[in-house]
């Protein structure tokens, strides 16, 4: 992380605008805590990607919170061109007063959807995308019109995730490579959090119920928890459990909003 952030700091010498892509389901945990330092006073745009998977009420509250902090933020579905077009309009506003072509850097944690956002802004498939962490491994430059270039960067994950809660949340949304976590543990932690946060009113099944209903059984009636957990996490990320935000937005005081 430290070496990667030093490289980002070097790239900033070429950069006018900073675009940070964050999974809308983890607006706080999914942000890079070191970006403030390296970005300096450059104009920034925070893109809450995968809004179609997040709780819309919570997304609205998060946008209100960022607005109260004077941060430009939008929520998009990176897979829909009409949704990403919101980002094009905001970037045009940010770069509108510049007399020269602007260069923007696109940063975010692994699997935050940076490449999907770039493809949406370009209106073509140029940046490689895949539903797993670590796909973008090198710098890529893309031209968006005559006055804007985008730099795509590899996803950067903090070397020490701050808390156990942050660990399972980032693993669940795909920011952590699959070989680095136990899917059974992640599924169990998610369901326990969901039960606690809804006072037991959730209809999302626990892993055992899910496993039995989907036929993840071995000979002798033993449950195949490992493969079931991988399918469970996949279903979560496809929205089959509903639109769920893992971090509630902070309260915004009406007097300061």
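Here, each number is a calculation from the coordinates, and none is a lab measurement. Since the structure is predicted, the reported quantities are computational estimates derived from the model, not experimental observations. A quick note on method: Cβ atoms are made from the backbone with ideal geometry, for glycine too, and the neighbour counts reach across all protein chains shown.
What to note about this one:
- Anisotropy class assigned to region 20-73 is prolate, per the alpha carbon gyration tensor with a/c at or over the 1.5 cut-off and a/b larger than b/c.
- Taking only the Cα atoms of region 1-109, the ratio Rg/Rh comes out at 0.96, with Rh defined as the Kirkwood radius.
- Principal-axis tilt of helix 183-197 within the chain, Cα atoms, nearest 10 degrees: 90
- Sorted largest first, extent of region 54-119 alpha carbons per principal axis (Å): 39, 27, 24
- Site pair residue 93 and residue 196 shows an inter-label distance of 3.8 nm when each label is modelled 7 Å from Cα along Cα→Cβ.
- Added length on full extension, which subtracts the Cα-Cα distance from 0.36 nm per residue, residue 185 to residue 227: 13.9 nm
- Counting only alpha carbon atoms, the long axis of helix 2-11 and the longest principal axis of the chain meet at about 30°.
- Rounded tilt (10° steps) of 225-237 against the dominant C-alpha axis of the chain: 40
- Helix-only mean residue ellipticity at 222 nm for the chain, each DSSP H run of n ≥ 4 adding -39500 (n - 2.57), per residue, nearest 500: -11500 deg cm²/dmol
- Kirkwood estimate for region 164-237, i.e. one over the average of 1/r between Cα atoms, Å: 12.7
- Normalised contact order of the chain, rounded percent, pairs of Cα under 8 Å and 6 or more residues apart: 21
- All Cα-Cα separations within the chain were binned at 10 Å from zero, giving a P(r) of 7, 29, 34, 20, 8, 2, 0, 0, each value a whole percent of the pairs.
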